[in-house]
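Peer 1: Quick one: the structure is below, and I'll ask about it shortly.
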Number of protein chains: 2
Amino acid sequence: MNQELELVETIDKLSGFIETLQTQLLSGDLKGYTLRQLYYIELINKHENISVSELAKMLDVKKSTISIAINQLIKRNIVTKNQSIIDKRFYFLQLTPQGKDIMKIHMKVHNDAIKQILKILNQKEVEYFIKTVNKITHPNKKRALNKYRQIT
Amino acid sequence: MNQELELVETIDKLSGFIETLQTQLLSGDLKGYTLRQLYYIELINKHENISVSELAKMLDVKKSTISIAINQLIKRNIVTKNQSIIDKRFYFLQLTPQGKDIMKIHMKVHNDAIKQILKILNQKEVEYFIKTVNKITHPNKKRALNKYRQIT
DNA sequence: AATAATAGTTAGTTAGATAAAACTATTTAT
DNA sequence: ATAAATAGTTTTATCTAACTAACTATTATT
């Protein structure tokens with residue numbers, strides 16, 4: 001079999017693998033959330049005190065979209081919104097303790113998956129794998145912010 | 001940096017990479033179609049003369065869902081439906097020439113992506129990469145049929 | 001021949017994600 | 001001080017993808 005065809009299949013397998021991770025993520029303790037919600041939570045965790053419009057820019061969607069999504073999370077006690085004292089038009093977003101718990105579970109699912117991989121691969125293989133993926137993904141330096149969208 | 005953390009990032013990069021492929025797929029000549037539609041087209045291409053209920057089983061969704069989706073594709077002249085002579089309850093699905101064109105474009109986008117990768121990696125790297133991915137993905141022998149769903 | 005099961009359709013509904021446009025409140029610029 | 005810009009909200013509407021349930025047509029079973 002030629003290498004090109006094999007690579008097509010490999011990429012296909014990778015898609016499937018990543019999709020499996022996603023399915024795992026959405027079952028178990030995070031069943032009640034959508035991918036999109038988990039992604040919002042992740043972004044707010046990463047960029048504490050981010051604003052609605054910054055989120056909108058990051059994700060390249062309208063403010064209204066974010067506003068609605070965030071207010072849902074606020075209703076569910078996952079996010080809080082604090083008005084800026086300096087400029088009262090701004091609201092800073094933060095995770096509640098419950099939001100942080102969700103984040104922890106999310107990371108645990110990821111880490112568990114990684115541990116599975118580390119069981120299968122040896123040191124050298126992991127090294128090469130990381131190097132190769134870096135080589136492949138490096139050209140797209142700007143890591144897509146919409147990573148929680150659908151995938152091929 | 002410890003290897004576990006690096007792997008987490010690597011998987012993240014891979015997600016982004018695959019998502020980029022997907023975005024590429026849905027722009028350009030295939031702009032007018034959804035991922036789900038392209039997946040139906042792919043399945044019908046692969047399993048010529050498949051029936052609506054077989055598709056439904058494959059994808060683990062209700063027949064009505066498939067029925068509606070397929071009839072949309074028929075309206076758009078991408079798929080044809082031929083009643084079985086032996087058992088008139090069954091209809092065999094096939095791609096029209098237009099449907100086959102879509103499939104060709106779809107595959108071309110994939111192949112172009114692969115060519116990009118082959119430019120970046122050398123022979124050995126490709127070999128190792130394929131091997132490693134096989135190792136990682138092998139445990140999940142049943143390749144998810146829902147691969148066109150959302151991904152982590 | 002009557003009843004079960006199967007394939008596919010149709011109608012109606014729901015959920016999620018998005019957008020446009022009109023709006024309020026606030027700050028900045030002229 | 002007035003006008004313009006900005007942050008965020010709300011309303012209305014759209015699209016996709018899925019579901020349930022009732023339906024028709026056809027075939028298989030008893």
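The values are calculated or read from the model by the stated rules, or taken from the named source; none is laboratory data. Fair warning: this is a prediction, and the values are worked out from it, not measured in the lab. Because the Cβ atoms are built from the backbone with ideal geometry, glycine has one as well, and the counts that use them run over all protein chains shown. These accessible areas exclude ligands, DNA and RNA; they are computed on the full protein's heavy atoms, side chains included. Shrake-Rupley method; radii C 1.70, N 1.55, O 1.52, S 1.80 Å.
Peer 1: Between copies, how close do the A:Ile74 label points come, placed 7 Å along Cα→Cβ, listed in nm from shortest?
Peer 2: Values, ascending and in nm: 4.8.
Peer 1: On to the next question. List the distances, in nm and shortest first, from the label point of B:Lys135 to the matching label points in every other copy, placing each point 7 Å from Cα along the Cα-to-Cβ direction.
Peer 2: Counterpart label points of B:Lys135 in the remaining copies fall at 1.7 nm.
Peer 1: Sticking with this structure for a sec: Determine the total buried accessible area between chain A and chain B, counting protein heavy atoms only with a 1.4 Å probe; round to the nearest 100 Å².
Peer 2: Buried area between the two chains comes out at roughly 5800 Å².
Peer 1: May I pose another question? With label points built 7 Å along Cα→Cβ from the Cα atoms of A:Gln83 and B:Val61, find their separation and express it in nm.
Peer 2: With each label placed 7 Å out from Cα toward Cβ, I get 4.5 nm.
Peer 1: Expected output is a single nm value to one decimal: the length gained when fully extending between A:Thr23 and A:Arg36, i.e. 0.36 nm times separation in residues minus the C-alpha distance. What is it?
Peer 2: 3.3 nm
Peer 1: Quick check: net charge around A:Arg76, other residues with Cβ under 15 Å of its Cβ, Lys/Arg +1 and Asp/Glu -1?
Peer 2: +3
Peer 1: Moving to a separate point now. When the accessible area of the protein assembly as shown is computed with all protein chains present and a 1.4 Å probe, what percentage of it is carbon and sulfur?
Peer 2: In the protein assembly as shown, the share of accessible area belonging to carbon and sulfur is 54 percent.
Peer 1: Report the FRET efficiency, 1/(1 + (r/R0)^6), for B:Gln98 and B:Lys131, where r is their Cβ-Cβ distance and R0 is 45 Å, rounded to 0.05.
Peer 2: 0.70
Peer 1: Defining the label point at 7 Å along Cα→Cβ, can you sort the distances from A:Arg89 to the same site in each other copy, shortest first, in nm?
Peer 2: From this label point to the equivalent ones elsewhere in the assembly: 6.4 nm.
Peer 1: Once you place label points 7 Å from the Cα toward the Cβ at A:Lys46 and B:Lys46, how far apart are they in nm?
Peer 2: 3.1
Peer 1: Counting only other residues whose beta carbon sits under 12 Å from that of B:Val52, what net charge do I get with K and R as +1, D and E as -1?
Peer 2: +4
Peer 1: Now for a separate question. Relative to the isolated chain, which residues of segment B:99-127 have their accessible area cut by 50 Å² or more in the presence of all protein chains (1.4 Å probe, heavy atoms, no ligands or nucleic acids)?
Peer 2: Listed in order, they are B:Ile114, B:Ile120.
Peer 1: OK, next. What does a probe at B:His138 reach in segment A:106-126, counting residues whose amide N is under 13 Å from the point 7 Å along Cα→Cβ?
Peer 2: Under 13 Å, as judged by backbone N against the label point of B:His138, lie A:120-122 of segment A:106-126.
Peer 1: On to the next question. I'd like to know which of B:Val133, A:Leu59, A:Gly16 lies farthest towards the positive end of the charge dipole of the protein assembly as shown, counting +1 on Cβ of Lys and Arg and -1 on Cβ of Asp and Glu.
Peer 2: A:Leu59
Peer 1: Using the beta-carbon distance between A:Leu5 and B:Ile74 and R0 = 35 Å, what value does 1/(1 + (r/R0)^6) give for FRET efficiency, to the nearest 0.05? Walk me through the numbers before you get to the answer.
Peer 2: Values: r = 31 Å, r/R0 = 0.90.
So the FRET efficiency works out to roughly 0.65.
Peer 1: Please compute the per residue accessible area over chain B with all protein chains in place, 1.4 Å probe, rounded to a whole number of Å².
Peer 2: Details: 8590 Å² over 152 residues.
Per residue, chain B has an accessible area of 57 Å².
Peer 1: In degrees between 0 and 90, to the nearest 10, how far off the longest principal axis of chain A does helix A:35-46 point, with axes built from Cα atoms?
Peer 2: Between the helix axis and the principal axis of chain A, the angle is about 70 degrees.
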